[in-house]
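To start, the structure itself, in structure tokens.
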């Protein structure tokens with residue numbers, strides 16, 4: 001269909017020179033200049049332009065998430081990196097996850113600006129920056145969760161000779177950043193895939209709509225690399241870990257019955273073991289949230305490439321995008337609620353938060369003393 005030209009000026013300040021079957025005013029993508037129209041896939045042009053109040057609402061939500069993420073992850077990095085009791089190889093992975101979460105927070109100012117203008121500011125360059133940040137933080141967070149699961153498994157299953165040392169921890173952290181690079185860089189330099197607007201056209205992700213074999217293979221590959229492999233590793237390590245935990249707890253129960261004591265942490269070693277198990281439960285909670293937040297996004301990508309695209313309306317695709325950001329804000333608060341040593345440090349450094357947690361090391365010493373006293377013969381006997 002031939003294009004119809006006019007000299008009208010659109011509400012966003014761009015001349016509405018091209019009005020055709022491909023670019024229709026008040027349909028999604030209408031306010032993007034003609035020279036950047038190739039960014040918008042035809043799928044989105046079938047939907048009316050989103051009301052500005054939806055954009056403002058999304059911008060408000062992301063503003064809150066940005067503040068929560070900055071405070072929560074900043075506190076995690078501060079406490080874990082400066083506290084002597086938390087300066088262990090295992091907790092280096094916690095700091096790494098917080099760094100990936102903070103990286104994801106860098107998307108939020110871009111989304112807020114885009115929501116105000118109702119299109120991707122910077123167009124392709126802005127979209128590439130947004131996509132790079134999201135890909136790096138998302139893939140990096142996934143593989144870091146797998147590394148944390150591996151560390152928990154090694155620490156609890158082989159407490160004497162299975163602990164990861166700091167050199168190994170640094171190498172594993174370097175591995176997580178290297179793992180995240182291929183599918184972050186390749187779409188940005190157009191070697192394989194590309195970053196395009198999605199949903200309200202104010203967020204960007206890798207292209208899962210272009211109907212060619214190359215795009216379908218790319219979507220399948222990034223799904224396996226960034227979701228399938230990390231999730232498989234996590235499930236394997238946690239299944240092994242839970243088997244070890246059940247065996248340990250059964251042993252503690254039998255020991256408690258023999259010693260006629262209420263506490264399963266009957267000595268320092270058992271108390272330390274209980275702390276490690278509690279930390280493992282925290283790690284699994286974070287993994288569970290990660291799965292809940294990224295599975296919808298994986299569904300959207302696979303549906304766009306292989307399934308019924310009519311399910312992917314602008315509003316429907318924005319829900320997984322928001323969920324993926326929420327998990328980066330919740331992670332640090334999960335530690336604040338459940339991680340024993342982190343809670344103890346919060347109580348020391350920020351007492352006005354009202355956190356109450358006995359120092360695990362002090363508790364271990366007291367348990368050891370109590371056990372020793374219980375085995376000491378009564379002097380009057």
Inset, instruction - Consider residue 327 carefully, then state whether it is modelled with pLDDT of 80 or more, surrounded by 15 or more Cβ atoms within 10 Å (Cβ to Cβ) and either in contact with a strand residue (DSSP E or B) (Cβ under 8 Å, 6 or more places away or on another chain) or over 30 Å from residue 214 (Cβ atoms) (or both). - result: yes
Inset, instruction - Could you check how many residues of segment 98-116 are surrounded by fewer than 22 Cβ atoms within 10 Å (Cβ to Cβ) and under 15 Å from the mean Cα position of the chain (by Cα)? - result: 4
Inset, instruction - Mind checking which helices (runs of 4 or more DSSP H) fall wholly inside segment 173-263 and carry at least 2 residues that are under 21 Å from residue 286 (Cα atoms) and touching a residue at least 60 places away in the same chain (Cβ under 8 Å)? - result: 229-259
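Please tell me if residue 119 is out of contact with any helix residue (DSSP H, G or I) (no Cβ under 8 Å at 6 or more places or on another chain) and buried (at least 18 other Cβ atoms within 10 Å of the Cβ). I'd like the intermediate steps shown before the answer.
Values: out of contact with any helix residue (DSSP H, G or I) (no Cβ under 8 Å at 6 or more places or on another chain): yes; buried (at least 18 other Cβ atoms within 10 Å of the Cβ): yes.
Against the criterion (out of contact with any helix residue (DSSP H, G or I) (no Cβ under 8 Å at 6 or more places or on another chain) and buried (at least 18 other Cβ atoms within 10 Å of the Cβ)), residue 119 qualifies.
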Inset, instruction - Return the total of residues in segment 98-110 being at pLDDT 90 or above and touching a strand residue (DSSP E or B) at 6+ places or on another chain (Cβ under 9 Å). - result: 1
Inset, instruction - Among the numbered conditions (1) in contact with a helix residue (DSSP H, G or I) (Cβ under 7 Å, 6 or more places away or on another chain); (2) more than 28 Å from residue 94 (Cα to Cα); (3) in a helix (DSSP H, G or I); (4) at pLDDT below 70, tell me where residue 317 comes up short. - result: (4)
Inset, instruction - Only residues in segment 341-362 that are on the phi < 0 side of the Ramachandran plot and surrounded by 12 or more Cβ atoms within 10 Å (Cβ to Cβ) count as the first member; pair them with residues that are assigned to a loop (DSSP other than H, G, I, E, B) and modelled with pLDDT of 80 or more, Cβ under 7 angstrom, at least 6 apart or cross-chain, and list the lot. - result: 345/83
Inset, instruction - Just need a number here: residues in segment 81-97 that are surrounded by 22 or more Cβ atoms within 10 Å (Cβ to Cβ) and modelled with pLDDT under 90. - result: 2
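The values are calculated or read from the model by the stated rules, or taken from the named source; none is laboratory data. Every value quoted in this text rests on a predicted model; they were computed, and no experiment measured them. So basically every Cβ, Gly included, is an ideal-geometry build from the backbone, and we count neighbours across all protein chains shown.
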